[in-house]
Amino acid sequence: MNFQSPQSQVVLSGHGLVKYYGSVVGLAGVDVAVRSGEALAVMGPSGNGKTTLLHVLAGILTPDQGEVWLAGERVDQLNDAARTVLRRRRLGFVFQDNQLLAELPADENVALPLMVDGLSRRDAIGRARNMLAQVGLAAEVGRRPGELSGGQAQRVAIARALVGEPQVVFADEPTGALDAATGSQVIDLLVGAATYRGAAVVVVTHDNAVAARCHRALHIVDGRVSESTGVAR
Ligand SMILES: Nc1ncnc2c1ncn2[C@@H]1O[C@H](COP(=O)(O)OP(=O)(O)OP(=O)(O)O)[C@@H](O)[C@H]1O
């Protein structure tokens, strides 16, 4: 069952986004909108602005021009502290190298953002184990990242990204360190589990197979949208 519907609302949008690094152009004027339950792939040649776009949309970088809106609220002008809270409470992140804490077992890795946000350890671990079971890791909750396969570790990272019930999940090359078969399982899980819960997904990828699992793809060349493909809804 897929949560998305033609009535899904735009949950995240960027308007006229421009970002410079000194004299280097990161983004040269990008418009983008993603609906709840929709997965958007961001593609394009290396060094052309994909990660910059993800970071600007996620409030990690501030744009030099343009606006970012999340669920009806302008978020690019929030101060650092407010953006940190917004990222923790309303956004989820999956990176190529999973960024799990090596010394913590899977359930504590997943529970950590909930505990940072004030949930009791007992409740956070309960929710984390439930989430890990939903990504097929019920038997691995006590294992540390070094005791997991690359695909399993990335599932833990997906559980950590989803456990706070984010409105948008951002993923930067989430399958980049995995073989093709494991990568397709991981992207299916990420897109399936996030959109089922009504979250939007923004995935930066070089991989056509990953983009094919998304509803739409945006191609970024020289910091601009060169092409938008897929089902426009
Ligand atoms: N922190 C930074 N300081 C200076 N220049 C940067 C910085 N981050 C990115 N850039 C430059 O901005 C441009 C866009 O980089 P970005 O990382 O967004 O590209 P990308 O499309 O994600 O590349 P890749 O596919 O290789 O990850 C590049 O020219 C890059 O060198």
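The values are calculated or read from the model by the stated rules, or taken from the named source; none is laboratory data. What you see is a predicted model; the values in this text were computed from it and never measured. In this analysis, Cβ positions are derived from the backbone assuming ideal geometry, glycine residues included, and neighbour counts consider all displayed protein chains.
Numerical summary
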| quantity | calculated |
| --- | --- |
| From the options G29, G66, residue that is assigned to a strand (DSSP E or B) and either free of Cβ contacts under 8 Å to residues at least 60 places away in the same chain or crowded, with 24+ Cβ neighbours inside 10 Å (or both) | G66 |
| Hey, L53 away from the ligand (no atom under 14 Å from the Cβ), aliphatic (A, V, I, L, M) and closer than 17 Å to L12 by Cα or not | no |
| Within region 1-23, tally of residues that are part of a strand (DSSP E or B) and either among the polar types (S, T, N, Q) or modelled with pLDDT under 95 (or both) | 1 |
| Qualifying residue in region 139-157 (condition: modelled with pLDDT of 95 or more, under 13 Å from the mean Cα position of the chain (by Cα), within 12 Å of V94 (Cβ to Cβ) and aliphatic (A, V, I, L, M)) | yes |
| Tally, over region 20-29, of residues that are touching an Asp or Glu at 6+ places or on another chain (Cβ under 8 Å), near the ligand (Cβ under 8 Å from one of its atoms) and under 17 Å from A58 (Cα atoms) | 0 |
| Condition met for A194 (surrounded by 17 or more Cβ atoms within 10 Å (Cβ to Cβ), small (G, A, S) and at pLDDT 95 or above) | no |
| Boolean, E38 is surrounded by fewer than 17 Cβ atoms within 10 Å (Cβ to Cβ), closer than 28 Å to E165 by Cβ and more than 16 Å from the ligand (Cβ to nearest atom) | no |
| Listing of strands (runs of 3 or more DSSP E) fully contained in region 151-233 that carry 3 or more residues being closer than 27 Å to N130 by Cα and in contact (Cβ under 8 Å) with a residue 60 or more places away in the chain | 168-172, 200-204 |
| Qualifying residues in region 197-220 (those that are over 16 Å from the mean Cα position of the chain (by Cα) and at pLDDT 95 or above) - the one farthest from the ligand (Cβ to nearest atom) | H219 |
| Residues of region 138-148 satisfying the condition of being touching a residue at least 24 places away in the same chain (Cβ under 8 Å) and over 11 Å from A128 (Cα atoms) | E140, G142, R143, R144, P145, G146, L148 |
| Sole exception among (1) in a loop (DSSP other than H, G, I, E, B); (2) at pLDDT 95 or above; (3) farther than 21 Å from V204 by Cβ for Q77, by number | (2) |
| The one condition in (1) touching a Ser or Thr at 6+ places or on another chain (Cβ under 9 Å); (2) surrounded by 15 or more Cβ atoms within 10 Å (Cβ to Cβ); (3) not in a helix (DSSP H, G or I) that L119 fails to fulfil | (1) |
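Matching residues to (1) surrounded by fewer than 19 Cβ atoms within 10 Å (Cβ to Cβ); (2) more than 16 Å from the ligand (Cβ to nearest atom):
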position	(1), (2)
L57	no, no
A71	yes, yes
L86	yes, yes
N98	no, yes
L112	yes, yes
D123	yes, yes
L132	no, yes
A139	yes, yes
